[in-house]
1. Name every residue in the range 41-54 that is touching a residue at least 60 places away in the same chain (Cβ under 8 Å) and surrounded by 12 or more Cβ atoms within 10 Å (Cβ to Cβ), in order of residue number.
2. Tell me which residues, restricted to the range 15-40, are in contact with an Asp or Glu (Cβ under 8 Å, 6 or more places away or on another chain) and loosely packed, with under 15 Cβ neighbours inside 10 Å.
3. Would you say I32 is within 24 Å of the chain's Cα centre (by Cα) and assigned to a loop (DSSP other than H, G, I, E, B)?
4. Between residues in the range 97-124 that are touching a residue at least 40 places away in the same chain (Cβ under 8 Å) and among the hydroxyl-bearing types (S, T, Y) and residues that are outside any helix (DSSP H, G or I) and open to solvent by 50 Å² or more (accessible area, probe 1.4 Å), which pairs lie under 7 Å by C-beta distance while being six or more apart or on different chains?
5. Cβ-Cβ distance below 9 Å, separation of 6 or more or different chains: which pairs start in the range 132-148 with a residue that is without any contact (Cβ under 8 Å) to a residue 40 or more places away in the chain and among the β-branched types (V, I, T) and end on one that is assigned to a helix (DSSP H, G or I) and surrounded by 15 or more Cβ atoms within 10 Å (Cβ to Cβ)?
6. Given the structure, is Y66 farther than 30 Å from D186 by Cα, hydroxyl-bearing (S, T, Y), in a helix (DSSP H, G or I) and modelled with pLDDT of 85 or more?
7. So, in the range 184-198, of the ones that are part of a helix (DSSP H, G or I) and exposed (fewer than 12 other Cβ atoms within 10 Å of the Cβ), which residue ends up farthest from the chain's Cα centre (by Cα)?
8. If a residue must be surrounded by 15 or more Cβ atoms within 10 Å (Cβ to Cβ) and of a type in the set (G, A, S), how many such residues does the range 55-69 contain?
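The values are calculated or read from the model by the stated rules, or taken from the named source; none is laboratory data. Bear in mind that the values here come from a model prediction, so they are computed numbers and not experimental data. As a convention, Cβ positions derive from the backbone with ideal geometry for all residues, glycine included, and neighbour counts pool all protein chains shown. All accessible areas refer to the heavy atoms of the entire protein, side chains included, with ligands and DNA or RNA removed. Shrake-Rupley method; radii C 1.70, N 1.55, O 1.52, S 1.80 Å.
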Amino acid sequence: MVSNQILMDKLRLDFFDIMGYLIPGSAVLMAIWITADPGIARLQDLYGFLNKITANVILAGFVVAYTIGFTMHFAGSYIFYKMHPKLIKKRVAVTENLPNYWALIREYGDKHLPILDRWQALKALAANMAAFCLIAIFLCCFKWWKQGCWEWLSLIPVFIVLFFAYSNRAKVFAEYLDKDSLAVFDSLKLSEKLPPKA
């Protein structure tokens, strides 16, 4: 128990780590565990499954969940920008030099970074949860095929609805991020500090 406490004290996660990686990664890890557990044949068996989750189990899955979430972020971002390609065009309309755009905001707009980081983390959470919904649909089909219980297929419409809901929220948070970052960029007159075009 002491070693667990020492480990938790050494781990320092920021808001983005928790929202963007840990929560979606935990959702995927739990879904995989449910799918792989032959003792969970029906939805009602989930109650017994939840009782098996102890503090030690949570701690053991912590790093795995974070790693899964970190990896899934690539899929979440890919799906998000495939569904909302106009957002990239809006950003390029501001400047084609987006790395310098964000570098200047980080350098001169430190007071504004907490809210920009929050929009970024919430957008990552929503985009990655949308990716999780696609994974969950596949796992529901696999669980039905392995267990032969039609209840798992009844979850698919729920995950489809959630996929579009999360995708829409990710778009909203991305628009908030773009709007607020542009306001910071304009109010601090950072366009004057951009390097000249080659």
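1. Step one: list which residues in the range 41-54 are touching a residue at least 60 places away in the same chain (Cβ under 8 Å), which gives 41-43.
A41, L43 - these are the residues of the range 41-54 that are touching a residue at least 60 places away in the same chain (Cβ under 8 Å) and surrounded by 12 or more Cβ atoms within 10 Å (Cβ to Cβ).
2. Of the range 15-40, the ones in contact with an Asp or Glu (Cβ under 8 Å, 6 or more places away or on another chain) are 15-16, 39.
Hits for the range 15-40 are F15, G39.
3. Working: within 24 Å of the chain's Cα centre (by Cα): yes; assigned to a loop (DSSP other than H, G, I, E, B): no.
The answer is no for I32.
4. Correct list of pairs: Y108/L188.
5. Note: pairs meeting the criteria are I137/L155; I137/I156; I137/F159; I137/F163.
6. yes
7. My answer is E192.
8. 3
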